[in-house]
1. Once phi is turned into θ = phi - 60°, what whole-Hz ³J(HN,Hα) does the Karplus curve with 6.51, -1.76 and 1.60 give for every residue of the range 102-113, x standing for Gly and Pro?
2. Could you tell me what percent of the DSSP beta bridges with both partners in the range 40-192 are antiparallel, to the nearest 5?
3. When the distances between all Cα atoms of the range 31-191 are binned every 5 Å from zero, what whole-number percent does each bin get?
Amino acid sequence: MPSCSMTRRLALQASLGLLAAPAVAEARLPQFRTARYQFIEFDPVEPMAPLALQGLDGKPAIAKPVPGKVCLIYLWATWCPVCRITLPRFERQLADFRARDVEIASISTDERDLAHVRAYLGRLGVKRLPAFYDRGGKALAAAGTGQPLSAAEGLPVIYVTDRRGGVRGYMLGEADWASPQATALLDHVGRL
């Protein structure tokens, strides 16, 4: 028969384990998935290095997370059928995202020239969405191992950064970033 102090010790350990369980559960991000893909969380979180790119006007521009905001960094190309749907969707949702302290930056990794990318966005009616140009993804590739962003697994890919500029993870393919699952993920990242 266990002693009274042994029983108290087991009860204390059990209660401490129960108290620790919610903290462990909060360390992981909420799940976000589509029929084909799921959000892949980075562990450890890596900071996004600023990227020297071009703006749509052809002038040098720096793409980097906005301090104090959750950011979606969308890598795309004009040949991508999913991007034809997602870019106008982001354009329509821009005000809603900003109202929730979420910024979006889109980066074209197209092989075609900048004039082609501008014309493509014009045909889609995308005028306000922050857009950058990285011909062939060369700036992303040149950033090397110090940059957690990559289009190596395919396009489109979207990365999520936290308020301190840490890349929390990524998701391939089409996804509804205004869905309840995505909103839960972005809200959670916003509290980190």
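1. These are the phi-based 3J(HN,Hα) values: 10, 9, 10, 10, 10, 10, 7, 9, 5, 7, 6, 6 Hz.
2. Bridges in the range 40-192 that DSSP calls antiparallel: roughly 65 percent.
3. All Cα pairs considered, the percentages come to 2, 9, 20, 24, 22, 15, 6, 1.
Computed from the coordinates by the stated procedures, all read-outs in this text should not be read as laboratory data. Note that the structure is a prediction, hence the values are computed from the model and not measured.
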